[in-house]
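S.K.: Input: one structure, supplied below.
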2 protein chains.
Amino acid sequence: MNFSSRLIDDAVSEFSRLPGVGRKTALRFVLHLLKKNQQEVQAFGDAFIRLRNELKYCRDCHNVSDNEVCEICSNTNRDHATICVVEDIRDVMAIENTGQYRGVYHVLGGIISPMDGIGPGDLTIESLVKKIQEGGVNEVIMALSTTMEGDTTNFYIYKRLKDQTVRISTIARGISVGDELEYADEITLGRSILNRTPYENSLSHK
Amino acid sequence: MNFSSRLIDDAVSEFSRLPGVGRKTALRFVLHLLKKNQQEVQAFGDAFIRLRNELKYCRDCHNVSDNEVCEICSNTNRDHATICVVEDIRDVMAIENTGQYRGVYHVLGGIISPMDGIGPGDLTIESLVKKIQEGGVNEVIMALSTTMEGDTTNFYIYKRLKDQTVRISTIARGISVGDELEYADEITLGRSILNRTPYENSLSHK
């Protein structure tokens, strides 16, 4: 496409760098911005620049934070002896939204993926190991995705922590609530039978 | 969703103002930006601010332009006696991409839509009428969409121009090249029979 304007071309190129945005969608975004007034567009552009320049990461859990220590880590009502290990901040938000977890988090910033050139050194695993070594932590809950990379990362962290006096668990895998058995994949269904739970447990969730 | 950071919340809100972008997609965009370095994010934000502040509109055809007169209007090889009237700059790009049109354009900046509070005065219709009154134009090609609003706009412009010595035409409506007749809607098929063209014309396009 020829946009007959270098400025439009630049803006379209920038938008189309976003995941899942092609040049047609990018152009739609640009035309939308052109209908806004100057202050609105200034606020739009500034939000991202400010985000990148001012956003901090929590010293303890590596979650994003406006302060040195994030709201979750600085909350004394939360259980600091239970750490949930997640891939990125989206997972923190997902778990927080359930309202079922009262512990703290540890954000790895990715998972081990040799294909993408991401090794253990690129993640915050050392900081997790150090936290466990310092003591005071009873349980580490691994909440990574069940991909090859997730399993590798789980195993790596397990190996690093297994000599410490800390319980290591993973979140339960099984049939989703509301799902029908006949459509569930075999591996999930198989695991859900192996890892069956006492019926009384399911009553207490009601 | 609670993002535990005002900066992320702001950035997500800004992205979710874009058409078709919800808060989940916006968050995906934000996390993508967080992986970029500072210069890249600066360039990203600046592109939109610069676009809004520096973009000009062509004095003659109201197309976007980096200069006072756009590349199409200032091109002496183009036929300035034929004006194609379109809704917005996307239509200019679409027609330019066909490589079939050698005339110039007139960008209305929208179509008459009382529902959205857009009247003839909000569009560049006066400037089109003035251009025709000044003479030198043989034909005006209406290339608006065939919605109620498009038809209203067509009719309004037709009424304003019908006393001038200028030919007014609309782009052909019919079955798309490659489409099968059985799936075409009745109105399009009906029009394509009424407005049938000599067989020789279709040969010359090959």
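S.K.: When the stretch A:12-29 is examined, which residues are found to be at the interface with chain B (Cβ under 7 Å from one of its Cβ atoms) and part of a helix (DSSP H, G or I)?
M.R.: A:GLU14, A:LEU27, A:ARG28, A:PHE29
S.K.: Would you check if B:ASP9 is facing chain A (nearest Cβ under 7 Å) and modelled with pLDDT under 90?
M.R.: no
S.K.: Inspect all residues belonging to the stretch A:153-160 and state whether any of them is open to solvent by 50 Å² or more (accessible area, probe 1.4 Å) and over 30 Å from A:GLU134 (Cβ atoms).
M.R.: no
S.K.: A follow-up question, please. Hey, does the stretch B:165-188 have a residue that's among the basic types (Lys, Arg) and over 20 Å from B:ASP91 (Cβ atoms)?
M.R.: Yes.
S.K.: May I ask you to say which residue of B:LEU203, B:LEU123 is at negative phi, out of contact with any strand residue (DSSP E or B) (no Cβ under 7 Å at 6 or more places or on another chain) and surrounded by fewer than 10 Cβ atoms within 10 Å (Cβ to Cβ)?
M.R.: B:LEU203
S.K.: Working only within the stretch B:36-54, note down all residues that are part of a loop (DSSP other than H, G, I, E, B) and either open to solvent by less than 20 Å² (accessible area, probe 1.4 Å) or out of contact with any helix residue (DSSP H, G or I) (no Cβ under 8 Å at 6 or more places or on another chain) (or both).
M.R.: Here is the first cut: in the stretch B:36-54, the ones part of a loop (DSSP other than H, G, I, E, B) are B:36-37.
Of everything in the stretch B:36-54, just one residue is part of a loop (DSSP other than H, G, I, E, B) and either open to solvent by less than 20 Å² (accessible area, probe 1.4 Å) or out of contact with any helix residue (DSSP H, G or I) (no Cβ under 8 Å at 6 or more places or on another chain) (or both), namely B:ASN37.
S.K.: Kindly state which strands (runs of 3 or more DSSP E) lie completely within the stretch B:75-190 and contain at least 2 residues that are farther than 25 Å from A:VAL12 by Cα.
M.R.: In the stretch B:75-190, B:79-86, B:139-142, B:167-170 are the strands (runs of 3 or more DSSP E) which contain 2 or more residues that are farther than 25 Å from A:VAL12 by Cα.
S.K.: Condition test on A:VAL69, is it open to solvent by 30 Å² or more (accessible area, probe 1.4 Å) and touching a Cys at 6+ places or on another chain (Cβ under 8 Å)?
M.R.: yes
S.K.: Regarding A:HIS32, is this residue more than 9 Å from chain B (Cβ to nearest Cβ) and either touching a residue at least 40 places away in the same chain (Cβ under 8 Å) or not in a loop (DSSP other than H, G, I, E, B) (or both)?
M.R.: No.
Residues are listed down the side, and each one gets a yes or a no for (1) free of Cβ contacts under 8 Å to residues at least 60 places away in the same chain; (2) touching a strand residue (DSSP E or B) at 6+ places or on another chain (Cβ under 8 Å); (3) in the same structural domain as B:PRO198 (by TED's automatic domain parsing); (4) under 28 Å from A:LYS24 (Cα atoms):
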| site | (1), (2), (3), (4) |
| --- | --- |
| B:GLU71 | yes, yes, yes, yes |
| B:HIS80 | yes, yes, yes, no |
| B:VAL104 | yes, yes, yes, yes |
| B:GLN133 | yes, no, yes, no |
| B:VAL137 | yes, yes, yes, no |
| B:ALA143 | yes, yes, yes, yes |
| B:ASP163 | yes, no, yes, no |
| B:SER169 | yes, yes, yes, no |
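S.K.: Being surrounded by fewer than 22 Cβ atoms within 10 Å (Cβ to Cβ) and among the hydrophobic types (A, V, I, L, M, F, W, C) is the filter here, so list the residues in the stretch A:55-66 that pass it.
M.R.: Within the stretch A:55-66, just A:LEU55 meets the criteria.
S.K.: Can you tell which of B:GLY135, B:GLY178 is closer than 22 Å to B:VAL104 by Cα, exposed (fewer than 14 other Cβ atoms within 10 Å of the Cβ) and at pLDDT below 90?
M.R.: B:GLY135 is the lone residue from the list that is closer than 22 Å to B:VAL104 by Cα, exposed (fewer than 14 other Cβ atoms within 10 Å of the Cβ) and at pLDDT below 90.
The values are calculated or read from the model by the stated rules, or taken from the named source; none is laboratory data. All values derive from a computational prediction rather than experimental measurement. Heads up, the Cβs are rebuilt from the backbone with ideal geometry, glycines too, and the neighbour counts pull from every protein chain shown. Areas reflect the complete protein model, heavy atoms only, side chains present, ligands, DNA and RNA absent. Shrake-Rupley method; radii C 1.70, N 1.55, O 1.52, S 1.80 Å.
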